[in-house]
Structure formats: C-alpha cells, structure tokens
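A short worksheet on the structure shown next.
The values are calculated or read from the model by the stated rules, or taken from the named source; none is laboratory data. Keep in mind that what you see is a predicted model, and the values were worked out from it rather than measured. Neighbour counts are summed over all protein chains in view; Cβ atoms, including those assigned to glycine, are modelled from backbone coordinates with ideal geometry. Accessible surface is based on the protein model in full, side chains and every heavy atom, while ligands, DNA and RNA are left aside. Shrake-Rupley method; radii C 1.70, N 1.55, O 1.52, S 1.80 Å.
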Amino acid sequence: MHRILHTGRFLLGNSYQTTWRKCCSSVAKMMQAVCVDKPGGPENLLLRTVPRPQPKEGEVLIKVHATALNRADLLQRRGLYPPPPGESDIIGLEVAGTVDTLGPGVKRGWRLDDRVMALLCGGGYAEYVAVPEELLMPVPRHLTLSQAAAIPEAWLTAFQLLALVAQVKEGEVVLAHAGASGVGTAAVQLVRLFGAVPVVTAGSPEKLKMAEELGAAAGFNYKEESFVQGVHDFTGGRGADVILDCIGGCNWEQNVSCLATDGRWVLYGTMGGRAVEGDLLGKLLSKRGHLLSSLLRSRSLQYKADLVRAFSHRVLPHFSDQAASLRPVIDSTFNLEDIAEAHRHMEANKNTGKIIINVTPQKQETQ
C-alpha cells in the first residue's frame, strides 16, 4: 500500500501543514486486508485498503507479521462458515505480530512491541487486528513470528480435543486422522507429551513419514489400505481408545470398527461429508462408545481465555530450543498478495503442516 500522499505544492503555510497532518492521519488509520465481496473460489479474495480496527475495552491492537490458513477459511470464503455475530468479516483465525496499541482497561502487563501470537474469531488476513488481551500468548523467544503464526488455532484445537474433550490418559492409543495437517501434526506431538501413543492416517507416504518423524508410532495410508486393520494389528485387536476425526460421514463405519470398547470418538470436522447411512447407533452402542463433538470458533470468550491459560501453562514452555521440544510444522509460505494461490494449495490437499501468510515482508520481521 502506498503510504505517502502527494499533496499539491500550491498549499502554503499553516493551511499546507494542516492538510498534510489530516492526510497522514487518514493514511495511518487505514490498512490492507483481504476481502470477499462475493462467496466463491480463491479468485474472489481481494486485497483492499480498509479502516484499521480500534482496540476496545480490554483489547490489544496487534501489528500482524504473519497469519496462517485453516480449513475454516476455505469454508468462510465460500460462504459456508460465517463469523460469529459481531466479529470481523475478514477471514483469518490466528496471527503473530507485535503489540501496536493498548486499548483502555488492559490489565495483563502487555507492552508496546511485545512479540505475541493470538487466537481470533476473524480478522487475521490484515495488517492489524484487535484482540481481547485474554487471547494473547507470548511468542517463544527462539521462534520467528512466521513460525509462531502456525501455533494458535491448530495447537489450541488439538489441545482442547485431547485434554478437555477426550481427556486422554497415559498409555492410551490415539488415532488422529489427517495426521500431517496442522491439527494432526500438533496432535501427534501433544499425545506424546501426555504420555499416550499416537497413530495416524494420511494420504501419501511423504505425509506418513512426517507424522512418524514427529512421534507417530504407526501410520496408515487410507488410499491404499484399511486403517481399521492397521489399528487392530497395532493394538492386538483392542482398538483405539480415542479417535480425532475431522473427516466425518464417509469414515463413520471404519471409525466405529476400530474404536476400543468404551472408547471416545471426537468429531471436529466433516471434510468427508455430514450425512450418515447405516446402523451407526447400533454399532456405536455395541462398543459402549462415546461420540463427542467440538468446535472452537463459536466458544465463549471465557472458554477461550481458560483454554489459552491452560495451554500457556501446560504446553507453551515445551516450545523450547531443545532437541525433543515441540515444534510447529510449516509446509509453505506465501505473501499476502498471493493469498488466492495459498488457498488453492490447501484445497488441493498438498500441504504437510501449516501454510503461512507473511503480511509483513520477511526482511522486516522482528526476530
């Protein structure tokens, strides 16, 4: 965005200075953001100049250095996943950047230029975003802001599903579908951190290899083999204690077949469809199985604040510079003006880990 307004030289004295200050003030309150005027394909993502948000009571304005893609972004672009009432229409559920402005009533000791990452309800595809201070986390010191942008949505989702919804216990076997996705790569590492055993499904040998490098004890290519048989072989016929499922409809029978008695099937997405045909209830009942479901975006601010606090205490210290520490997995990086190409990359299911969007050019990024 051009940040200099060329004012005519015929203006003189105080009149010139007043006009110049007004122009600069106007520019300072604007920003670049990705807009969607009409739901549809990636070509409908438009980079525009829009008003910069102003932080409200208890909010912090972040200068965004990087954001990251999520499957929910693709749905919102197509008009299938609108933001909660009162939230920004701009797509983007997570960012990393620096504190630009403290809103009134901020109490938690954030300072200007602090490196932060944040969970959002929307607004991430922009140069600035206003965030309730409860949803901010400090960026681990050895991570760049681009790396940090890969953490909030995927890792908080995985943590919520494992720790709060499924309540995973030490020694349990956890089957994670889409094991090379952002949530999948986070889940594999968290399952290990919690003392349980991760196994995964993925659609290529390369994705399975990545999951196993992160700690997966076994991986099954759902395009070439039955993951049901693989899970039964791995567990000696007992089945998985927990299934993290973002696929839904087309997988239901296989999920129930490989679920252990009294196991927990946690549904958090429906990439494989929402409709179910067949004896789901009867087969689930025969396993005494628990069908649990969860979404994060629609949760209350208090729930998200508690989640961020628990994650910051239990998990964030493990993002260290030690060899065995947790790490965000980044597939690729695009610039904001190439957002449509980034969406096409995700829609083609090419990514292993997170797709990062650099909003501030990398050479300007604060290390």
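Here residue 300 clears all of (1) of a type in the set (S, T, N, Q); (2) under 30 Å from residue 123 (Cα atoms); (3) in contact with a Leu (Cβ under 9 Å, 6 or more places away or on another chain) except the condition numbered (3). Taking the criterion of being surrounded by 23 or more Cβ atoms within 10 Å (Cβ to Cβ) and part of a strand (DSSP E or B), the residues of the range 90-115 that qualify are 94, 95, 96, 97.
The residue that is nearest to residue 163 (Cα to Cα), among those in the range 287-300 that are over 17 Å from the mean Cα position of the chain (by Cα) and aliphatic (A, V, I, L, M), is 292.
Can you tell me which of 284, 244 is buried (at least 16 other Cβ atoms within 10 Å of the Cβ) and either under 19 Å from the mean Cα position of the chain (by Cα) or of a type in the set (S, T, N, Q) (or both)?
None of the other options fit; the residue is 244.
Taken as a whole, the structure places residue 341 among residues that are assigned to a helix (DSSP H, G or I), in contact with a Phe, Trp or Tyr (Cβ under 7 Å, 6 or more places away or on another chain) and more than 27 Å from residue 259 (Cα to Cα). Taking the criterion of being open to solvent by 30 Å² or more (accessible area, probe 1.4 Å), under 12 Å from residue 179 (Cα atoms), modelled with pLDDT of 95 or more and in contact with a Gly (Cβ under 8 Å, 6 or more places away or on another chain), the only residue of the range 211-241 that qualifies is 212. Summed over the range 253-268, residues that are at pLDDT below 90 and open to solvent by less than 20 Å² (accessible area, probe 1.4 Å) total 0.
Taking the criterion of being in a strand (DSSP E or B) and buried (at least 18 other Cβ atoms within 10 Å of the Cβ), the residues of the range 292-332 that qualify are 330, 331. Considering only residues that are open to solvent by 10 Å² or more (accessible area, probe 1.4 Å) and among the small types (Gly, Ala, Ser), look in the range 333-367 and name the one that is modelled with the highest pLDDT. Taking the candidates together, the pick is 340. Among residues of the range 122-138 that are in a helix (DSSP H, G or I), those with a beta-carbon under 6 Å from a residue that is open to solvent by 10 Å² or more (accessible area, probe 1.4 Å) at least six positions away or on a different chain give the pairs 133/58; 133/106; 133/108.
Just so you know, in the range 95-112 the residues that are within 15 Å of residue 127 (Cα to Cα) and not β-branched (Val, Ile, Thr) include one that is nearest to the chain's Cα centre (by Cα), and it is 96.
For the range 64-94, a residue qualifies if it is polar (S, T, N, Q) and under 15 Å from the mean Cα position of the chain (by Cα), and the qualifying residues are 67, 70, 76. On the stretch given as the range 55-79, residues that are free of Cβ contacts under 8 Å to residues at least 12 places away in the same chain and open to solvent by 80 Å² or more (accessible area, probe 1.4 Å) total 0. Return yes when residue 111 is touching a residue at least 60 places away in the same chain (Cβ under 8 Å) and basic (Lys, Arg) and no when it is not. Criteria not met by residue 111.
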